[in-house]
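Down below is the structure, laid out as structure tokens.
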Amino acid sequence: MPSYMSHALGFDIKSNGLLSSLPYLSMFVLSIVLSWLGDYLTVKKILPISIARKMWNSIAFWGGAVALVFLAMYGSNVVVAVTLLTISVALNGTVYMGYLCNHLDLSPNFAGLLMGITNGFANVTSILAPIVAGFIVNDESNIAQWRIVFYISALVFFLGNSIFILFGSTEVQYWNEPRKKQGVDNIGAD
């Protein structure tokens, strides 16, 4: 994003530090407010956990995808681009009530391990994103090349959330409970 804003839009990131941080500041505030709301809705049984996880994840991923599509279509203006980037990043704050909580739903005993595995896979996209963008964007001032990057990013968001909606579960998994060791100490204990 800094490359897009500085090269394609001519945005001086150093002199506009607050504006550059606006997407992440918005995500911070929105994630705190909506985390409280999310807990309220599930604790009061207004939303079942499975619906809540998928709803919040959809707001994060599909909302972010829509903002990126609009950024690709209308993001040649600095104000519009910053607004759409802020919306995309801020909405991504709802992922904390989506799949990032889902590890605890699936396996309270192995939630840390699950988080490590899923976060590892998620970080692969963070590694690949600049590489893919580098192949697509040969001229950093060319907005048309950036549009392709935004469309691909929106597609990844859309597909990732679609998989979560289709296959995501909040049921505690059978492998959550560690097996008892067979040994002299627990023979006949069952």
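Before moving on, here are some points about what is shown:
- The residue that is nearest to Ser126 (Cα to Cα), among those in region 139-166 that are exposed (fewer than 15 other Cβ atoms within 10 Å of the Cβ) and of a type in the set (S, T, N, Q), is Ser162.
- Unique match (being part of a helix (DSSP H, G or I), modelled with pLDDT of 95 or more and more than 17 Å from Phe167 (Cα to Cα)) among Ser35, Ser58: Ser35
Residue-wise test of (1) within 21 Å of Gly93 (Cα to Cα); (2) polar (S, T, N, Q).
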residue: Met1; (1), (2): yes, no
residue: Leu19; (1), (2): yes, no
residue: Val33; (1), (2): yes, no
residue: Trp36; (1), (2): yes, no
residue: Lys45; (1), (2): no, no
residue: Ser50; (1), (2): yes, yes
residue: Ala65; (1), (2): yes, no
residue: Leu71; (1), (2): yes, no
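- Residue, farthest from Met1 (Cα to Cα), within region 14-36, restricted to residues that are aliphatic (A, V, I, L, M) and surrounded by 13 or more Cβ atoms within 10 Å (Cβ to Cβ): Leu34
- Taken across region 120-140, residues that are touching a residue at least 40 places away in the same chain (Cβ under 8 Å), within 19 Å of Asp39 (Cβ to Cβ) and charged (D, E, K, R) do not occur at all.
- Hits in region 47-68 (condition: out of contact with any Phe, Trp or Tyr (no Cβ under 6 Å at 6 or more places or on another chain), surrounded by 20 or more Cβ atoms within 10 Å (Cβ to Cβ) and over 22 Å from Met115 (Cα atoms)): Ala67
- From the list Thr125, Thr118, Thr83, Thr94, the one residue that fits, being among the β-branched types (Val, Ile, Thr), closer than 21 Å to Met55 by Cβ and either more than 16 Å from the chain's Cα centre (by Cα) or surrounded by fewer than 17 Cβ atoms within 10 Å (Cβ to Cβ) (or both), is Thr118.
- Contact annotation: no residue pair with Cβ atoms under 6 Å, 6 or more positions apart or on different chains, pairs a residue in region 56-77 that is touching a residue at least 40 places away in the same chain (Cβ under 8 Å) with a partner that is acidic (Asp, Glu).
The values are calculated or read from the model by the stated rules, or taken from the named source; none is laboratory data. What you see is a predicted model, and the numbers here were worked out from it, not measured in a lab. Cβ sites come from the backbone with ideal geometry, for glycine too, and all protein chains shown count toward neighbours.
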